[in-house]
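To start, the structure under review is shown below, and the notes come after it.
Throughout, read-outs are computed from the coordinates displayed, never taken from laboratory work. This is a predicted model, so every value here is computed, not measured. Here the Cβ is made from the backbone with ideal geometry for all residues, glycine too, and neighbour counts use every protein chain on show.
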Amino acid sequence: MSEETLRPLLLEIVDRIERLEARFVERSYDTRPMLEQMAANLLEVKTDVQDLKSRMIVVERTLKDVDRTLRNFQLEVLRHQADFDERLLRLEPRA
């Protein structure tokens, strides 16, 4: 191929590359706000998840305290029940 036939092809290729670069730059401007918004949303979600984890820890501790209190209450009720049963037997002996 001669220089005369290659020159138009090279100019066409250069032109196409320049148009592609321009489109790439334009699209990067189009997508940049979306990506920035997505990054902000992800940061907000991360913060919310951390907050939820902290709250879950508090809820778990509270539930453990409630469970411990209920077990103690149950033991106390059983002790009272045994005491009442013993008193009842002393007051009303079985025949």
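Brief remarks follow.
- Of the set (1) surrounded by 10 or more Cβ atoms within 10 Å (Cβ to Cβ); (2) within 30 Å of the chain's Cα centre (by Cα), all apply to F84 but (2).
- Within region 58-95, being in a helix (DSSP H, G or I) and acidic (D, E) holds for E60, D65, D67, E76, D83, D85, E86.
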